[in-house]
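In what follows, a structure is listed as C-alpha coordinates, so that the remarks can point back to it.
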Amino acid sequence: MKFHPFIFIIIILFSGCKSSKEPVTSSIQFIPKKKLTSKELETWYQKDYVTDSILGISLNKWYALNKKKPNQEVIVAVIDTQLDINHEDLKGQFWTNQKEITNNNIDDDNNGYVDDIHGWNFTSNKKEDYVAWGNFESVRFIRQWDSEFKGKTEDQIKSEDLANYKEYQRALKVNEKENIYYNRWFSSLNHSVEIFPLVKDTLKHFFPKEDYTYKQLDSLYKIHKLNDKTYRQRRESDDRDLGALIFYMMINIQDKESTLEALKNSQAELDSIVNRNLNKNFNDRKLIGDNPNVLEKGYGNGNISISKKGFKNLQGHGTKVVGIIGANRKNNIGIKGFSDNIKIMPLNISYSGDENDKDIAMAIYYAVDNGAKVINMSFGKEFSVHQQWVSDAFKYAEKHNVLLVHASGNEKSDNDKTPYYPSDNNYDGTPEICNNFINVGSISKRLDNTFVSAFSNYGKQNVDLFAPGEEIYTTTKNNTYGTDSGTSLAAPMVSGTAALIWTYYPKLSAIEVKQIIMDSGTAYNLEVIVPGTKEKKIPFSELSKSGKVLNVYNAMQLAEKFSKKKK
(Lines give C-alpha, C1' and ligand atoms only; values in the text may rest on other atoms or scores of the structure.)
Protein backbone atom coordinates (compact mmCIF):
# COMPACT_ATOMS: atom_id res chain seq x y z
CA MET A 1 0.00 0.00 0.00
CA LYS A 2 1.50 3.34 -1.03
CA PHE A 3 2.01 5.86 1.74
CA HIS A 4 -0.38 8.80 1.36
CA PRO A 5 0.05 12.29 2.82
CA PHE A 6 -2.61 11.47 5.41
CA ILE A 7 -4.05 8.34 6.93
CA PHE A 8 -7.27 7.73 8.77
CA ILE A 9 -7.12 6.41 12.33
CA ILE A 10 -10.10 4.48 13.58
CA ILE A 11 -10.57 5.16 17.29
CA ILE A 12 -12.68 2.57 19.09
CA LEU A 13 -14.09 3.40 22.49
CA PHE A 14 -15.97 0.89 24.60
CA SER A 15 -18.37 1.80 27.38
CA GLY A 16 -17.15 -1.15 29.47
CA CYS A 17 -14.93 -4.20 29.43
CA LYS A 18 -17.68 -6.35 27.99
CA SER A 19 -20.57 -4.98 26.00
CA SER A 20 -23.16 -6.41 23.66
CA LYS A 21 -23.46 -3.02 21.95
CA GLU A 22 -21.55 -2.08 18.83
CA PRO A 23 -18.47 0.04 19.54
CA VAL A 24 -18.60 3.75 18.78
CA THR A 25 -16.16 4.57 15.98
CA SER A 26 -14.94 7.83 14.53
CA SER A 27 -12.45 8.77 11.82
CA ILE A 28 -9.84 11.47 12.30
CA GLN A 29 -7.66 12.94 9.58
CA PHE A 30 -4.10 12.68 10.84
CA ILE A 31 -0.98 14.18 9.31
CA PRO A 32 2.11 12.87 11.15
CA LYS A 33 5.14 15.08 11.70
CA LYS A 34 7.93 14.26 9.30
CA LYS A 35 10.76 15.67 11.38
CA LEU A 36 10.95 15.69 15.17
CA THR A 37 13.03 17.98 17.35
CA SER A 38 15.66 16.47 19.64
CA LYS A 39 13.29 16.89 22.62
CA GLU A 40 10.43 15.29 20.71
CA LEU A 41 12.68 12.36 19.82
CA GLU A 42 13.31 11.82 23.52
CA THR A 43 9.64 11.94 24.47
CA TRP A 44 7.82 10.86 21.30
CA TYR A 45 6.29 7.74 22.81
CA GLN A 46 4.41 9.84 25.41
CA LYS A 47 2.86 12.14 22.81
CA ASP A 48 -0.63 12.11 21.25
CA TYR A 49 -1.38 11.41 17.59
CA VAL A 50 -3.99 14.21 17.34
CA THR A 51 -2.65 16.88 19.72
CA ASP A 52 1.02 16.49 18.80
CA SER A 53 0.85 14.69 15.41
CA ILE A 54 3.18 12.06 16.89
CA LEU A 55 2.29 8.37 17.28
CA GLY A 56 2.68 8.12 21.04
CA ILE A 57 0.52 6.59 23.76
CA SER A 58 -1.17 9.88 24.84
CA LEU A 59 0.34 9.87 28.34
CA ASN A 60 1.09 13.60 28.23
CA LYS A 61 -2.44 14.33 27.04
CA TRP A 62 -3.89 12.51 30.04
CA TYR A 63 -1.67 14.42 32.47
CA ALA A 64 -2.54 17.73 30.81
CA LEU A 65 -6.27 17.14 31.24
CA ASN A 66 -6.40 15.17 34.50
CA LYS A 67 -7.35 17.12 37.63
CA LYS A 68 -7.77 14.22 40.06
CA LYS A 69 -5.30 12.95 42.63
CA PRO A 70 -4.34 9.26 42.88
CA ASN A 71 -5.83 7.13 45.65
CA GLN A 72 -2.89 4.86 46.47
CA GLU A 73 0.62 3.70 45.65
CA VAL A 74 1.01 0.68 43.37
CA ILE A 75 3.99 -1.67 43.34
CA VAL A 76 5.34 -2.87 40.00
CA ALA A 77 7.72 -5.83 40.20
CA VAL A 78 10.35 -5.72 37.45
CA ILE A 79 11.77 -9.19 36.84
CA ASP A 80 14.93 -8.43 34.92
CA THR A 81 18.68 -7.87 35.29
CA GLN A 82 20.29 -5.95 38.09
CA LEU A 83 19.91 -2.17 37.86
CA ASP A 84 21.44 1.14 38.83
CA ILE A 85 19.61 1.82 42.11
CA ASN A 86 21.58 5.07 42.58
CA HIS A 87 20.51 6.62 39.26
CA GLU A 88 19.57 10.27 39.74
CA ASP A 89 16.20 9.82 38.04
CA LEU A 90 15.24 6.70 40.02
CA LYS A 91 16.00 7.84 43.57
CA GLY A 92 12.99 7.41 45.84
CA GLN A 93 11.15 5.37 43.24
CA PHE A 94 11.86 1.92 44.68
CA TRP A 95 9.66 -0.19 46.91
CA THR A 96 10.99 -0.59 50.43
CA ASN A 97 10.18 -3.55 52.64
CA GLN A 98 9.22 -1.68 55.82
CA LYS A 99 9.13 -4.92 57.85
CA GLU A 100 12.80 -5.68 57.21
CA ILE A 101 15.72 -4.14 59.11
CA THR A 102 18.66 -3.27 56.87
CA ASN A 103 21.75 -5.49 56.98
CA ASN A 104 21.06 -7.26 60.28
CA ASN A 105 21.30 -10.68 58.63
CA ILE A 106 17.86 -11.64 59.99
CA ASP A 107 14.65 -12.47 58.17
CA ASP A 108 12.66 -9.94 60.21
CA ASP A 109 9.35 -10.40 58.37
CA ASN A 110 9.69 -14.20 58.09
CA ASN A 111 9.04 -14.18 54.35
CA GLY A 112 11.94 -16.55 53.63
CA TYR A 113 14.36 -13.85 52.46
CA VAL A 114 17.02 -12.22 54.62
CA ASP A 115 17.54 -8.44 54.28
CA ASP A 116 15.28 -8.06 51.24
CA ILE A 117 15.04 -4.28 51.57
CA HIS A 118 14.15 -3.34 47.97
CA GLY A 119 13.69 -6.73 46.29
CA TRP A 120 15.78 -9.82 45.65
CA ASN A 121 18.66 -11.08 43.51
CA PHE A 122 18.00 -14.71 42.54
CA THR A 123 21.22 -15.06 40.52
CA SER A 124 23.85 -14.45 43.19
CA ASN A 125 25.17 -16.03 46.38
CA LYS A 126 25.60 -14.82 49.95
CA LYS A 127 29.05 -13.42 49.10
CA GLU A 128 27.39 -11.25 46.43
CA ASP A 129 29.12 -13.07 43.58
CA TYR A 130 26.63 -13.29 40.71
CA VAL A 131 26.03 -15.22 37.53
CA ALA A 132 27.13 -13.24 34.47
CA TRP A 133 26.81 -16.03 31.89
CA GLY A 134 24.21 -18.80 31.83
CA ASN A 135 23.22 -21.57 29.44
CA PHE A 136 20.83 -21.08 26.58
CA GLU A 137 17.60 -22.90 27.40
CA SER A 138 18.03 -25.20 24.39
CA VAL A 139 21.24 -26.45 26.06
CA ARG A 140 19.42 -27.03 29.35
CA PHE A 141 16.64 -28.88 27.54
CA ILE A 142 19.11 -31.18 25.79
CA ARG A 143 20.95 -31.84 29.04
CA GLN A 144 17.65 -32.61 30.80
CA TRP A 145 16.53 -35.22 28.27
CA ASP A 146 19.78 -36.56 26.77
CA SER A 147 19.85 -39.71 28.90
CA GLU A 148 16.32 -40.63 27.89
CA PHE A 149 16.07 -39.55 24.24
CA LYS A 150 19.59 -39.52 22.75
CA GLY A 151 19.87 -41.77 19.71
CA LYS A 152 16.21 -42.86 19.80
CA THR A 153 13.63 -42.58 17.04
CA GLU A 154 10.07 -41.41 17.53
CA ASP A 155 8.59 -44.92 17.39
CA GLN A 156 10.72 -45.85 20.44
CA ILE A 157 9.16 -43.13 22.60
CA LYS A 158 6.21 -43.61 24.94
CA SER A 159 3.13 -41.58 24.06
CA GLU A 160 3.29 -39.61 27.32
CA ASP A 161 6.89 -38.55 26.51
CA LEU A 162 6.28 -37.67 22.88
CA ALA A 163 5.82 -33.91 23.41
CA ASN A 164 9.13 -33.65 25.27
CA TYR A 165 10.84 -35.81 22.64
CA LYS A 166 9.71 -33.45 19.87
CA GLU A 167 10.93 -30.45 21.86
CA TYR A 168 14.22 -32.26 22.41
CA GLN A 169 14.60 -32.74 18.65
CA ARG A 170 13.79 -29.06 18.07
CA ALA A 171 16.36 -28.10 20.71
CA LEU A 172 19.02 -30.20 18.96
CA LYS A 173 18.37 -28.39 15.67
CA VAL A 174 18.45 -24.96 17.28
CA ASN A 175 21.61 -25.84 19.21
CA GLU A 176 23.37 -27.12 16.09
CA LYS A 177 22.49 -23.97 14.17
CA GLU A 178 23.67 -21.71 17.01
CA ASN A 179 26.92 -23.64 17.42
CA ILE A 180 27.75 -23.27 13.73
CA TYR A 181 26.88 -19.56 13.72
CA TYR A 182 28.73 -18.55 16.89
CA ASN A 183 31.79 -20.75 16.31
CA ARG A 184 32.26 -19.26 12.83
CA TRP A 185 31.91 -15.77 14.25
CA PHE A 186 34.33 -16.60 17.07
CA SER A 187 36.87 -17.99 14.59
CA SER A 188 36.54 -14.85 12.49
CA LEU A 189 37.12 -12.63 15.53
CA ASN A 190 40.17 -14.63 16.57
CA HIS A 191 41.60 -14.06 13.10
CA SER A 192 40.70 -10.36 13.27
CA VAL A 193 42.57 -9.92 16.53
CA GLU A 194 45.59 -11.69 15.05
CA ILE A 195 45.71 -9.64 11.87
CA PHE A 196 44.78 -6.25 13.36
CA PRO A 197 48.40 -4.99 13.94
CA LEU A 198 49.23 -5.68 10.27
CA VAL A 199 46.16 -3.73 9.13
CA LYS A 200 47.10 -0.74 11.28
CA ASP A 201 50.70 -0.72 10.04
CA THR A 202 49.61 -1.02 6.41
CA LEU A 203 47.11 1.83 6.59
CA LYS A 204 49.70 4.11 8.22
CA HIS A 205 51.36 4.29 4.80
CA PHE A 206 48.27 6.04 3.42
CA PHE A 207 47.10 7.76 6.64
CA PRO A 208 50.11 8.58 8.86
CA LYS A 209 47.83 10.14 11.52
CA GLU A 210 45.45 7.16 11.43
CA ASP A 211 42.54 9.57 11.01
CA TYR A 212 40.76 7.67 8.25
CA THR A 213 37.01 7.39 7.90
CA TYR A 214 34.86 4.68 6.35
CA LYS A 215 34.30 6.89 3.31
CA GLN A 216 38.04 7.45 2.79
CA LEU A 217 38.78 3.74 3.10
CA ASP A 218 36.00 2.94 0.66
CA SER A 219 37.54 5.29 -1.94
CA LEU A 220 40.97 3.73 -1.43
CA TYR A 221 39.46 0.25 -1.73
CA LYS A 222 37.78 1.09 -5.04
CA ILE A 223 40.98 2.61 -6.46
CA HIS A 224 42.91 -0.52 -5.49
CA LYS A 225 40.37 -2.77 -7.18
CA LEU A 226 40.45 -0.64 -10.32
CA ASN A 227 44.26 -0.62 -10.57
CA ASP A 228 44.83 -4.28 -9.71
CA LYS A 229 43.80 -6.55 -12.60
CA THR A 230 44.55 -9.68 -10.58
CA TYR A 231 42.61 -8.35 -7.55
CA ARG A 232 39.85 -10.93 -7.55
CA GLN A 233 42.14 -13.95 -7.75
CA ARG A 234 44.50 -12.61 -5.10
CA ARG A 235 41.62 -11.39 -2.88
CA GLU A 236 40.20 -14.91 -2.77
CA SER A 237 43.52 -16.57 -2.04
CA ASP A 238 45.30 -14.04 0.18
CA ASP A 239 43.50 -12.29 3.03
CA ARG A 240 46.61 -10.16 3.58
CA ASP A 241 46.25 -8.52 0.19
CA LEU A 242 46.02 -4.70 0.42
CA GLY A 243 42.40 -4.68 -0.72
CA ALA A 244 41.48 -7.29 1.87
CA LEU A 245 43.19 -5.29 4.63
CA ILE A 246 41.38 -2.09 3.64
CA PHE A 247 38.06 -3.92 3.47
CA TYR A 248 38.76 -5.50 6.84
CA MET A 249 39.09 -2.08 8.53
CA MET A 250 35.97 -0.82 6.75
CA ILE A 251 33.98 -3.65 8.29
CA ASN A 252 35.49 -2.99 11.71
CA ILE A 253 34.53 0.70 11.54
CA GLN A 254 31.03 -0.27 10.46
CA ASP A 255 30.76 -2.68 13.41
CA LYS A 256 32.28 -0.09 15.78
CA GLU A 257 35.33 -2.29 16.33
CA SER A 258 38.03 0.00 14.95
CA THR A 259 40.37 -0.53 17.90
CA LEU A 260 42.15 -3.63 19.13
CA GLU A 261 40.51 -3.17 22.54
CA ALA A 262 37.03 -3.24 20.98
CA LEU A 263 37.91 -6.39 19.05
CA LYS A 264 39.23 -8.11 22.15
CA ASN A 265 36.06 -7.22 24.05
CA SER A 266 33.98 -8.81 21.30
CA GLN A 267 36.32 -11.79 21.30
CA ALA A 268 35.76 -12.25 25.06
CA GLU A 269 31.99 -12.04 24.58
CA LEU A 270 32.03 -14.69 21.85
CA ASP A 271 34.32 -16.87 23.93
CA SER A 272 31.71 -16.85 26.71
CA ILE A 273 28.88 -17.60 24.29
CA VAL A 274 30.71 -20.59 22.84
CA ASN A 275 32.13 -21.96 26.10
CA ARG A 276 29.31 -21.05 28.51
CA ASN A 277 26.01 -20.29 26.81
CA LEU A 278 26.37 -23.21 24.41
CA ASN A 279 28.36 -25.56 26.62
CA LYS A 280 26.30 -28.49 27.91
CA ASN A 281 28.94 -29.16 30.58
CA PHE A 282 28.92 -25.63 31.96
CA ASN A 283 27.04 -25.49 35.28
CA ASP A 284 25.51 -22.04 35.58
CA ARG A 285 24.05 -22.81 39.05
CA LYS A 286 27.32 -23.77 40.72
CA LEU A 287 28.05 -20.21 41.83
CA ILE A 288 24.57 -19.78 43.33
CA GLY A 289 24.82 -23.07 45.21
CA ASP A 290 21.14 -24.01 45.05
CA ASN A 291 19.39 -27.12 43.75
CA PRO A 292 17.99 -26.10 40.33
CA ASN A 293 15.48 -28.95 40.35
CA VAL A 294 13.68 -27.86 43.54
CA LEU A 295 11.55 -24.75 44.12
CA GLU A 296 12.76 -23.11 47.32
CA LYS A 297 12.94 -19.75 49.04
CA GLY A 298 16.01 -17.94 50.28
CA TYR A 299 18.77 -18.65 47.75
CA GLY A 300 20.45 -15.52 46.39
CA ASN A 301 20.71 -12.24 48.32
CA GLY A 302 19.06 -8.88 48.79
CA ASN A 303 21.50 -6.73 46.80
CA ILE A 304 19.76 -5.89 43.52
CA SER A 305 22.49 -3.51 42.34
CA ILE A 306 25.86 -5.21 42.71
CA SER A 307 28.92 -3.58 41.18
CA LYS A 308 31.89 -5.87 41.66
CA LYS A 309 35.38 -5.81 40.16
CA GLY A 310 36.03 -8.75 37.89
CA PHE A 311 32.33 -9.29 37.17
CA LYS A 312 30.45 -8.11 34.08
CA ASN A 313 28.18 -5.13 34.80
CA LEU A 314 24.60 -6.39 34.38
CA GLN A 315 22.72 -3.23 35.30
CA GLY A 316 21.97 -1.96 31.80
CA HIS A 317 18.78 -3.70 30.71
CA GLY A 318 16.95 -3.46 34.03
CA THR A 319 17.75 0.25 34.39
CA LYS A 320 16.20 0.97 30.98
CA VAL A 321 13.01 -0.91 31.78
CA VAL A 322 12.58 0.59 35.25
CA GLY A 323 13.07 4.15 33.97
CA ILE A 324 10.19 3.89 31.51
CA ILE A 325 7.81 2.79 34.28
CA GLY A 326 8.97 4.72 37.30
CA ALA A 327 11.39 7.57 36.56
CA ASN A 328 10.73 10.62 38.74
CA ARG A 329 8.18 12.98 37.15
CA LYS A 330 8.87 16.02 39.35
CA ASN A 331 12.65 16.45 39.43
CA ASN A 332 12.86 18.09 35.99
CA ILE A 333 15.80 15.94 34.92
CA GLY A 334 16.06 12.99 32.56
CA ILE A 335 12.73 11.42 31.69
CA LYS A 336 9.27 11.10 33.21
CA GLY A 337 7.79 7.77 34.24
CA PHE A 338 4.09 6.97 34.48
CA SER A 339 3.49 8.10 38.06
CA ASP A 340 5.40 8.97 41.20
CA ASN A 341 2.82 6.82 42.99
CA ILE A 342 4.36 3.77 41.32
CA LYS A 343 7.08 2.02 43.32
CA ILE A 344 9.46 -0.43 41.65
CA MET A 345 10.27 -3.84 43.17
CA PRO A 346 13.43 -5.13 41.38
CA LEU A 347 13.78 -8.91 41.11
CA ASN A 348 17.02 -10.02 39.42
CA ILE A 349 16.92 -13.21 37.34
CA SER A 350 18.52 -12.19 34.02
CA TYR A 351 22.11 -12.32 32.75
CA SER A 352 23.89 -13.13 29.48
CA GLY A 353 22.03 -16.31 28.59
CA ASP A 354 18.49 -17.58 29.13
CA GLU A 355 16.61 -17.14 32.39
CA ASN A 356 16.10 -20.23 34.53
CA ASP A 357 12.48 -21.36 35.04
CA LYS A 358 13.10 -21.77 38.76
CA ASP A 359 14.13 -18.12 39.09
CA ILE A 360 11.15 -16.96 37.01
CA ALA A 361 8.68 -18.88 39.15
CA MET A 362 10.22 -17.86 42.47
CA ALA A 363 10.38 -14.20 41.43
CA ILE A 364 6.66 -14.25 40.58
CA TYR A 365 5.82 -15.84 43.94
CA TYR A 366 7.97 -13.24 45.71
CA ALA A 367 6.31 -10.36 43.85
CA VAL A 368 2.78 -11.57 44.62
CA ASP A 369 3.50 -12.35 48.28
CA ASN A 370 5.10 -8.96 48.86
CA GLY A 371 2.37 -6.77 47.41
CA ALA A 372 3.10 -6.20 43.71
CA LYS A 373 0.03 -5.51 41.54
CA VAL A 374 1.87 -5.62 38.20
CA ILE A 375 4.78 -7.85 37.17
CA ASN A 376 6.85 -6.72 34.17
CA MET A 377 8.77 -9.46 32.33
CA SER A 378 10.93 -8.01 29.56
CA PHE A 379 12.73 -11.25 28.73
CA GLY A 380 12.04 -14.45 26.83
CA LYS A 381 13.41 -17.69 25.42
CA GLU A 382 12.66 -20.38 22.85
CA PHE A 383 12.39 -23.31 25.28
CA SER A 384 11.14 -24.01 28.79
CA VAL A 385 12.56 -26.93 30.79
CA HIS A 386 10.16 -26.52 33.72
CA GLN A 387 7.20 -24.80 32.12
CA GLN A 388 4.79 -26.21 34.72
CA TRP A 389 6.61 -24.34 37.49
CA VAL A 390 6.07 -21.07 35.63
CA SER A 391 2.47 -21.92 34.72
CA ASP A 392 1.66 -22.60 38.37
CA ALA A 393 3.22 -19.25 39.32
CA PHE A 394 1.07 -17.53 36.66
CA LYS A 395 -2.06 -19.10 38.15
CA TYR A 396 -0.95 -18.02 41.62
CA ALA A 397 -0.64 -14.43 40.38
CA GLU A 398 -4.09 -14.65 38.77
CA LYS A 399 -5.62 -15.98 41.99
CA HIS A 400 -4.15 -13.01 43.87
CA ASN A 401 -5.31 -10.43 41.30
CA VAL A 402 -1.87 -9.59 39.89
CA LEU A 403 -1.33 -8.61 36.25
CA LEU A 404 1.54 -10.15 34.23
CA VAL A 405 3.02 -8.12 31.36
CA HIS A 406 5.49 -9.75 28.96
CA ALA A 407 7.58 -8.62 25.98
CA SER A 408 6.62 -10.61 22.88
CA GLY A 409 10.25 -10.99 21.73
CA ASN A 410 12.65 -9.61 19.13
CA GLU A 411 12.94 -12.63 16.84
CA LYS A 412 10.60 -11.14 14.17
CA SER A 413 8.56 -14.34 14.31
CA ASP A 414 4.94 -15.43 14.72
CA ASN A 415 4.28 -16.34 18.36
CA ASP A 416 1.27 -18.38 17.24
CA LYS A 417 3.59 -20.75 15.39
CA THR A 418 6.94 -20.53 17.22
CA PRO A 419 7.02 -21.00 21.01
CA TYR A 420 8.32 -18.09 23.03
CA TYR A 421 8.46 -18.39 26.82
CA PRO A 422 7.31 -17.57 29.41
CA SER A 423 3.82 -17.73 27.96
CA ASP A 424 0.21 -18.25 28.98
CA ASN A 425 0.01 -20.71 26.10
CA ASN A 426 0.98 -24.41 26.29
CA TYR A 427 1.45 -24.59 22.48
CA ASP A 428 -0.43 -27.89 22.44
CA GLY A 429 -3.91 -26.68 21.57
CA THR A 430 -5.14 -26.56 25.18
CA PRO A 431 -6.80 -23.40 26.60
CA GLU A 432 -4.68 -20.53 27.89
CA ILE A 433 -3.10 -21.09 31.29
CA CYS A 434 -4.48 -17.87 32.79
CA ASN A 435 -6.35 -14.66 31.95
CA ASN A 436 -4.05 -12.11 33.60
CA PHE A 437 -1.23 -12.17 31.01
CA ILE A 438 -0.57 -9.44 28.41
CA ASN A 439 1.97 -10.01 25.62
CA VAL A 440 3.28 -6.82 23.98
CA GLY A 441 4.78 -6.19 20.53
CA SER A 442 6.69 -3.10 19.36
CA ILE A 443 5.76 -0.28 17.00
CA SER A 444 7.79 2.65 15.67
CA LYS A 445 6.93 6.33 15.29
CA ARG A 446 6.50 5.88 11.50
CA LEU A 447 2.95 5.76 10.15
CA ASP A 448 3.71 3.74 7.02
CA ASN A 449 4.22 0.09 6.16
CA THR A 450 7.16 -0.06 8.60
CA PHE A 451 4.86 0.92 11.49
CA VAL A 452 5.51 -2.42 13.23
CA SER A 453 9.16 -2.68 14.30
CA ALA A 454 11.08 -5.00 11.98
CA PHE A 455 12.43 -6.97 14.96
CA SER A 456 9.11 -7.46 16.79
CA ASN A 457 7.35 -10.77 17.30
CA TYR A 458 3.64 -10.80 16.53
CA GLY A 459 0.66 -13.17 16.62
CA LYS A 460 -3.09 -12.86 16.19
CA GLN A 461 -3.66 -15.15 19.18
CA ASN A 462 -0.54 -14.82 21.33
CA VAL A 463 0.35 -11.14 21.10
CA ASP A 464 -2.30 -8.95 22.73
CA LEU A 465 -1.39 -5.45 21.55
CA PHE A 466 1.48 -3.20 20.53
CA ALA A 467 3.24 -0.28 22.22
CA PRO A 468 6.20 1.96 21.26
CA GLY A 469 9.45 0.03 21.51
CA GLU A 470 11.71 1.61 18.91
CA GLU A 471 14.12 4.50 19.57
CA ILE A 472 13.06 4.87 23.19
CA TYR A 473 15.01 7.34 25.33
CA THR A 474 15.35 6.15 28.91
CA THR A 475 17.60 5.78 31.95
CA THR A 476 20.76 3.70 31.53
CA LYS A 477 23.41 2.33 33.88
CA ASN A 478 26.14 4.47 35.44
CA ASN A 479 23.70 7.35 35.97
CA THR A 480 23.30 8.07 32.26
CA TYR A 481 20.56 8.19 29.61
CA GLY A 482 20.33 6.67 26.17
CA THR A 483 18.16 5.42 23.35
CA ASP A 484 17.43 1.76 22.67
CA SER A 485 14.91 -0.45 20.89
CA GLY A 486 13.17 -3.74 21.61
CA THR A 487 9.90 -5.24 22.81
CA SER A 488 11.59 -5.09 26.23
CA LEU A 489 10.85 -1.36 26.13
CA ALA A 490 7.29 -1.77 24.85
CA ALA A 491 6.19 -4.04 27.72
CA PRO A 492 6.94 -1.52 30.52
CA MET A 493 4.66 0.99 28.79
CA VAL A 494 1.79 -1.41 29.37
CA SER A 495 2.97 -2.14 32.92
CA GLY A 496 3.12 1.57 33.66
CA THR A 497 -0.37 2.09 32.28
CA ALA A 498 -1.82 -0.77 34.34
CA ALA A 499 -0.19 0.62 37.50
CA LEU A 500 -1.44 4.13 36.71
CA ILE A 501 -5.00 2.79 36.38
CA TRP A 502 -4.74 1.10 39.79
CA THR A 503 -3.43 4.25 41.50
CA TYR A 504 -6.83 5.81 40.72
CA TYR A 505 -9.15 2.81 40.54
CA PRO A 506 -7.88 0.22 43.04
CA LYS A 507 -11.06 -1.89 43.03
CA LEU A 508 -10.62 -3.06 39.43
CA SER A 509 -9.48 -6.66 38.98
CA ALA A 510 -6.40 -7.69 36.99
CA ILE A 511 -8.60 -9.22 34.30
CA GLU A 512 -10.62 -6.01 34.06
CA VAL A 513 -7.48 -3.87 33.79
CA LYS A 514 -6.20 -6.14 31.01
CA GLN A 515 -9.46 -5.83 29.08
CA ILE A 516 -9.54 -2.05 29.57
CA ILE A 517 -6.03 -1.71 28.15
CA MET A 518 -6.83 -3.88 25.14
CA ASP A 519 -10.25 -2.36 24.41
CA SER A 520 -9.08 1.25 24.71
CA GLY A 521 -6.16 1.02 22.33
CA THR A 522 -5.88 2.91 19.05
CA ALA A 523 -6.70 0.96 15.90
CA TYR A 524 -4.65 2.09 12.92
CA ASN A 525 -6.20 1.26 9.57
CA LEU A 526 -3.15 0.54 7.43
CA GLU A 527 -1.18 -2.31 5.93
CA VAL A 528 2.24 -3.13 7.36
CA ILE A 529 5.19 -5.29 6.43
CA VAL A 530 5.16 -8.51 8.43
CA PRO A 531 8.37 -8.68 10.52
CA GLY A 532 10.81 -11.21 9.14
CA THR A 533 9.62 -10.71 5.55
CA LYS A 534 10.78 -8.25 2.94
CA GLU A 535 7.55 -7.35 1.22
CA LYS A 536 4.63 -9.33 2.67
CA LYS A 537 1.97 -6.89 3.86
CA ILE A 538 -1.16 -7.48 5.89
CA PRO A 539 -3.53 -5.23 7.86
CA PHE A 540 -1.99 -4.09 11.14
CA SER A 541 -5.08 -5.41 12.93
CA GLU A 542 -4.08 -8.99 12.02
CA LEU A 543 -0.81 -8.96 13.96
CA SER A 544 -2.30 -9.01 17.48
CA LYS A 545 -5.39 -10.12 19.33
CA SER A 546 -6.69 -6.59 19.91
CA GLY A 547 -5.33 -5.20 16.65
CA LYS A 548 -4.44 -2.00 18.53
CA VAL A 549 -1.75 0.18 20.06
CA LEU A 550 -1.66 1.16 23.74
CA ASN A 551 -3.41 4.47 24.51
CA VAL A 552 -3.11 5.74 28.10
CA TYR A 553 -5.65 8.55 27.78
CA ASN A 554 -8.33 6.21 26.41
CA ALA A 555 -7.49 3.57 29.02
CA MET A 556 -7.89 6.02 31.90
CA GLN A 557 -11.20 7.27 30.48
CA LEU A 558 -12.52 3.75 30.13
CA ALA A 559 -11.24 2.74 33.58
CA GLU A 560 -13.16 5.65 35.12
CA LYS A 561 -16.38 4.63 33.37
CA PHE A 562 -16.01 1.02 34.38
CA SER A 563 -15.09 1.89 37.96
CA LYS A 564 -18.27 3.98 38.33
CA LYS A 565 -20.33 1.00 37.21
CA LYS A 566 -18.83 -1.13 39.96
CA LYS A 567 -19.86 1.20 42.76
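The values are calculated or read from the model by the stated rules, or taken from the named source; none is laboratory data. These figures come from a predicted structure and were not determined experimentally. Neighbour counts run over all protein chains shown; Cβ positions are idealised from the backbone, glycine included.
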Taking the range 420-443 and the residues there that are in contact (Cβ under 8 Å) with a residue 60 or more places away in the chain and surrounded by fewer than 22 Cβ atoms within 10 Å (Cβ to Cβ), the one that is farthest from ASN401 (Cα to Cα) would be ASP428
Subset of the range 76-99 [crowded, with 24+ Cβ neighbours inside 10 Å, under 22 Å from ASN110 (Cα atoms) and of a type in the set (Ser, Thr, Tyr)]: none
Given the criteria touching a Lys or Arg at 6+ places or on another chain (Cβ under 9 Å), of a type in the set (Asp, Glu) and assigned to a loop (DSSP other than H, G, I, E, B), does ASP416 qualify? yes
Which count do you get for residues in the range 108-145 that are free of Cβ contacts under 8 Å to residues at least 40 places away in the same chain and on the phi < 0 side of the Ramachandran plot? 4
For the range 334-389, what are the residues that are within 27 Å of ASN313 (Cβ to Cβ) and among the acidic types (Asp, Glu)? ASP354, GLU355, ASP357, ASP359, GLU382
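To keep it simple, each residue is scored yes or no on (1) at pLDDT below 95; (2) crowded, with 20+ Cβ neighbours inside 10 Å; (3) more than 30 Å from LEU500 (Cβ to Cβ).
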| position | (1), (2), (3) |
| --- | --- |
| TYR299 | no, yes, yes |
| SER305 | no, yes, no |
| HIS317 | no, yes, no |
| GLY323 | no, yes, no |
| ARG329 | no, no, no |
| ASN332 | yes, no, no |
| ILE335 | no, no, no |
| SER339 | no, yes, no |
